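A.B. asks: What follows is a structure written as structure tokens; I'll ask about it next.
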């Protein structure tokens, strides 16, 4: 069975799609590569922010569920999403950018030999920027070339994903024995696991803390994390792997932009395994207009009019706009 190839995407929950779009576009400088709906709740937006072409391993996605409360931080949770930037110098740029846009952040620190800048958004969703300065492993994506962040400082993919858990021993068994990852380093109650080539694009950071209450889902929190496989053949190997162990899972699910399976191996934490292909450039949107239309997978297109009447419209057209690159003294 092939090993997992790295982080595929993270799906989180926001308090509003428009505010979410503005934060990720104008402040974080990530490209909206698909504006669609939750395929299991078609009245809910599903926004995908990624690198310039929506490469696998670069996208964070959001649902804006109606009538949902705020995420309550705690243990047994996907507690923080990492992103990658090219260098330590890029982190210095982001400190200035966060100051300019009044984004809450913590001082730059070092974790497992990498410089890290932790921050949060308007929903108190937790993030971290990791420097690729000393990184070797899963290759990064590419900057959104037409976005407001200079290419040399831009976010170029997902970094390590944080899991806060009450039982580090149980999570270790899951990640090593079931998910075929490897433990590579430990600092106090924090353990670093890697998959495939490792590095920032292939890492999970586990924080053991049994003193916190269990986290509850809501806006400002993560819904699930997905790990990469190349194609349907590799995905089916993982389905067979879980089935042979009598571990309940979703089985094969076609999300059109990728194929998936979902499995909950640890209480309160949902994992997905997703294929790299086919991606976000499709029959509805080419490279130039990614994310500018309400794009639906084929099985939902018969409901296009109904969906457009239900969701709150907001403008995501950027191909006719120019974002000046922003530098800060």
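None of the figures in this text is laboratory data; all of them are computed from the coordinates on show. Keep in mind the model is a prediction, meaning the values are calculated, not measured. A quick note on method: Cβ atoms are made from the backbone with ideal geometry, for glycine too, and the neighbour counts reach across all protein chains shown.
A.B. asks: Work out the FRET efficiency for residue 210 and residue 109 from their Cβ-Cβ distance, taking R0 = 25 Å, and round it to the nearest 0.05. Don't jump to the answer; show the numbers that get you there.
C.D. replies: Details: r = 24 Å, r/R0 = 0.95.
That gives a FRET efficiency of 0.60.
A.B. asks: While we're on this one: Quick one: if you stick a label point 7 Å off each Cα along the C-beta vector at residue 245 and residue 100, how many nm between them?
C.D. replies: Label at residue 245, label at residue 100, 4.6 nm between them.
A.B. asks: Cut-off 12 Å, label point 7 angstrom out along Cα-to-Cβ of residue 87: give me the residues of the range 111-151 whose amide nitrogen falls inside.
C.D. replies: What the label zone holds, given the 12 Å backbone N cut-off, is 132-134, 151.
A.B. asks: Mind giving me the nanometre distance, one decimal, between the label points for residue 176 and residue 281, set 7 Å out from Cα along Cα→Cβ?
C.D. replies: 4.2
A.B. asks: To continue, here is another question. Report the full-extension gain for the segment residue 322 to residue 189: residue separation times 0.36 nm, less the Cα-Cα distance, to one decimal in nm. Working shown, then result.
C.D. replies: Details: separation 133, 0.36 × 133 = 47.88 nm, distance 4.58 nm.
Length difference between fully extended and current span is 43.3 nm.
A.B. asks: For residue 301 and residue 288, compute 0.36 nm times the residue count separating them, minus their Cα-Cα distance, and round to one decimal in nm.
C.D. replies: That pair, residue 301 and residue 288, stretches by 2.5 nm at full extension.
A.B. asks: Something else: So how much slack lies between residue 145 and residue 236, counting 0.36 nm per residue of separation and subtracting their Cα-Cα distance, in nm?
C.D. replies: On the way: separation 91, 0.36 × 91 = 32.76 nm, distance 3.55 nm.
That pair, residue 145 and residue 236, stretches by 29.2 nm at full extension.
A.B. asks: Then there is this: Starting from the Cα of residue 2, move 7 Å in the Cα-to-Cβ direction to define the label point; list residues of the range 226-244 whose amide nitrogen is under 19 Å from there.
C.D. replies: 226-243
A.B. asks: Can you give the % of DSSP beta bridges in the chain that are antiparallel, to the nearest 5? Provide the component values of the computation, followed by the final result.
C.D. replies: Working: 49 of 72 bridges.
Of those bridges, close to 70 percent are antiparallel.
A.B. asks: Relative contact order, percent, of the range 7-310 when contacts are C-alpha pairs under 8 Å separated by at least 6 residues?
C.D. replies: Details: 723 pairs, mean separation 70.6, N = 304.
Normalised by residue count, the contact order of the range 7-310 is 23 percent.
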